[in-house]
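Below: one structure, written as structure tokens.
The values are calculated or read from the model by the stated rules, or taken from the named source; none is laboratory data. Since this is a predicted model, take the numbers as computed values, not measurements. So basically every Cβ, Gly included, is an ideal-geometry build from the backbone, and we count neighbours across all protein chains shown. For accessibility, only protein heavy atoms count, side chains too; no ligands or nucleic acids. Shrake-Rupley method; radii C 1.70, N 1.55, O 1.52, S 1.80 Å.
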Amino acid sequence: MITRRQFAASTPWLVASPLVLSSCSREAAADDYEAVAQRTWQPGGVTNLSGATLARELVRCATLAPSSHNTQCWKFALDANSRSISILPDLARRCPAVDPDDHHVFVSLGCAAENLVQAALAHGLRGEAQFDAAGDAVRVMLEPTRAQTTPLFKAIPLRQCTRGDYDGKALSGEELALLQRAGSSETVRLLLLTERPAMEQTLDYVMQGNTAQLADAAFVKELKEWIRFNGADAVRLRDGLYSVSSGNPNIPSWIGDLAFRWLLTAKGENDKCARQVHSSAGIAVFVGQTTDKAHWVEVGRCYERFALQATALGIRNAFLNQPVEVAALRPPFAAALGLNGQRPDLVVRFGRGPAMPRSLRRPVDAVLV
């Protein structure tokens, strides 16, 4: 919730260099990547599936949810009688620099749980997600019901965190109302900021967060470890942040390693964030009622419904989580939003714009326990 800041999109010296162009093997890597991406994000069938085959399909749909740095920080346990699926944190994939209290890990579990619930309904199962505090897991109980193929289910293979520019056009009141309804619950409040002064105020906190994070060597090292600079690496690992998804060139890893720190600057990232916020229709802020893992999971479920509803409406979204990731910024950011001491959980920009290349996911076998 999963976001992320890669090196600056404008890299003319890389694009122009004959050495780089001759080293990229762009066509072959892109062909491999596109084939895998198409298989990863293919729509699932909703007939003639049962038992373990159906359970695996529900897990596949769940893995199409977002996660911080696309770490895919989850594991799935299937009940022997196919009456429940448990989603557990994979702490080997946590990001301690950006997410020291595992907030994003449990938000990501919530996103996966919501995808699973939406997919289960399409297959004639009602999913009830409950957080098991003793096991730090989300258990989704499954009971037969009338199958419903909802717009949110159809949006699962289309949803993406789109890290490009949007068209800057406002959304209609009806669209905003649908997003508000999808992204709220009894314990999660959704703030939709569509007035320019409020968006500019949030942008200021985003830029402060950028500056603080990029001055943190541990943050930069961790971010670099999750970037995949080319299609071949993205296909080999099936996780992380495929840099082409943010508009960057497909380049060999050794060049990416050398160029990364030089190109990733606070000014470049702040300029990019300013451009992207100015092109957005609004900013969504998700606020859980309480600061604990159960509410973080619920925040993830609400965000994922918001993202799926947005996708169904042709609206893109992407994270701007710097103000909630930098602990020193959270209290003043919350005060600026009038949250009275509550912790803002997620910050998301939204608007209409073109699709970007997709991130990949690990196969189902890799996430089952």
Quiz item: Out of all the residues in region 229-245, which are assigned to a helix (DSSP H, G or I), touching a Ser or Thr at 6+ places or on another chain (Cβ under 9 Å) and open to solvent by 10 Å² or more (accessible area, probe 1.4 Å)?
Solution: ALA232, ASP233
Self-check item: Given (1) under 30 Å from GLU128 (Cα atoms); (2) out of contact with any Pro (no Cβ under 7 Å at 6 or more places or on another chain); (3) not in a loop (DSSP other than H, G, I, E, B), number of the condition VAL287 does not satisfy
Solution: (2)
Practice problem: Working only within region 83-107, note down all residues that are open to solvent by 10 Å² or more (accessible area, probe 1.4 Å), in a helix (DSSP H, G or I) and under 26 Å from ARG330 (Cα atoms). | Solution: LEU91, ARG93
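PRO363: open to solvent by 10 Å² or more (accessible area, probe 1.4 Å), under 26 Å from GLU57 (Cα atoms) and not basic (Lys, Arg), yes or no? Outline the logic, then answer.
Working: open to solvent by 10 Å² or more (accessible area, probe 1.4 Å): yes; under 26 Å from GLU57 (Cα atoms): yes; not basic (Lys, Arg): yes.
It is true that PRO363 is open to solvent by 10 Å² or more (accessible area, probe 1.4 Å), under 26 Å from GLU57 (Cα atoms) and not basic (Lys, Arg).
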Quiz item: Looking at region 39-59, which of the residues that are open to solvent by 40 Å² or more (accessible area, probe 1.4 Å) and among the polar types (S, T, N, Q) is nearest to PHE153 (Cα to Cα)?
Solution: GLN42
Quiz item: For region 144-185, how many residues are in a loop (DSSP other than H, G, I, E, B), over 25 Å from TRP296 (Cβ atoms) and open to solvent by 40 Å² or more (accessible area, probe 1.4 Å)?
Solution: 11
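What number of residues in region 110-130 are in a strand (DSSP E or B) and either in contact with a Ser or Thr (Cβ under 6 Å, 6 or more places away or on another chain) or open to solvent by less than 60 Å² (accessible area, probe 1.4 Å) (or both)?
So the count comes out to 4.
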Practice problem: Report the residue count in region 312-331 for those that are open to solvent by less than 30 Å² (accessible area, probe 1.4 Å), assigned to a helix (DSSP H, G or I) and touching a strand residue (DSSP E or B) at 6+ places or on another chain (Cβ under 9 Å). | Solution: 3
Exercise. Could you please find all residues in region 265-284 being touching a strand residue (DSSP E or B) at 6+ places or on another chain (Cβ under 7 Å), open to solvent by less than 10 Å² (accessible area, probe 1.4 Å) and part of a helix (DSSP H, G or I)?
Key: VAL277
Quiz item: Checking CYS302 against (1) part of a helix (DSSP H, G or I); (2) farther than 27 Å from ARG238 by Cα; (3) touching a strand residue (DSSP E or B) at 6+ places or on another chain (Cβ under 9 Å); (4) not small (Gly, Ala, Ser), which single condition isn't satisfied?
Solution: (2)
Quiz item: VAL138 is checked against (1) open to solvent by 10 Å² or more (accessible area, probe 1.4 Å); (2) within 15 Å of ARG301 (Cα to Cα) and fails just one. What number does that condition carry?
Solution: (1)
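Conditions (1) part of a loop (DSSP other than H, G, I, E, B); (2) closer than 19 Å to PRO197 by Cα; (3) open to solvent by less than 50 Å² (accessible area, probe 1.4 Å), marked per residue:
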| position | (1), (2), (3) |
| --- | --- |
| PHE333 | no, yes, yes |
| LEU339 | yes, yes, yes |
| ASP345 | no, no, yes |
| VAL348 | no, yes, yes |
Quiz item: Exactly one of (1) open to solvent by less than 10 Å² (accessible area, probe 1.4 Å); (2) touching a Gly at 6+ places or on another chain (Cβ under 8 Å) is unmet by ALA62. Its number?
Solution: (2)
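Quick check on ALA92: is it among the small types (Gly, Ala, Ser), modelled with pLDDT of 95 or more and closer than 22 Å to PHE306 by Cα? It would help to see each step written out before you state the result.
Numbers: among the small types (Gly, Ala, Ser): yes; modelled with pLDDT of 95 or more: yes; closer than 22 Å to PHE306 by Cα: no.
No; evaluated as a whole, the condition is false for this residue.
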Exercise. Test ALA80 against the criterion of being surrounded by fewer than 21 Cβ atoms within 10 Å (Cβ to Cβ) and either of a type in the set (Ser, Thr, Tyr) or in a loop (DSSP other than H, G, I, E, B) (or both), and give yes or no.
Key: yes
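Assess whether GLU200 counts as being charged (D, E, K, R), in contact with a Leu (Cβ under 7 Å, 6 or more places away or on another chain), surrounded by fewer than 21 Cβ atoms within 10 Å (Cβ to Cβ) and outside any loop (DSSP other than H, G, I, E, B). It would help to see each step written out before you state the result.
On the way: charged (D, E, K, R): yes; in contact with a Leu (Cβ under 7 Å, 6 or more places away or on another chain): no; surrounded by fewer than 21 Cβ atoms within 10 Å (Cβ to Cβ): yes; outside any loop (DSSP other than H, G, I, E, B): yes.
No, not satisfied.
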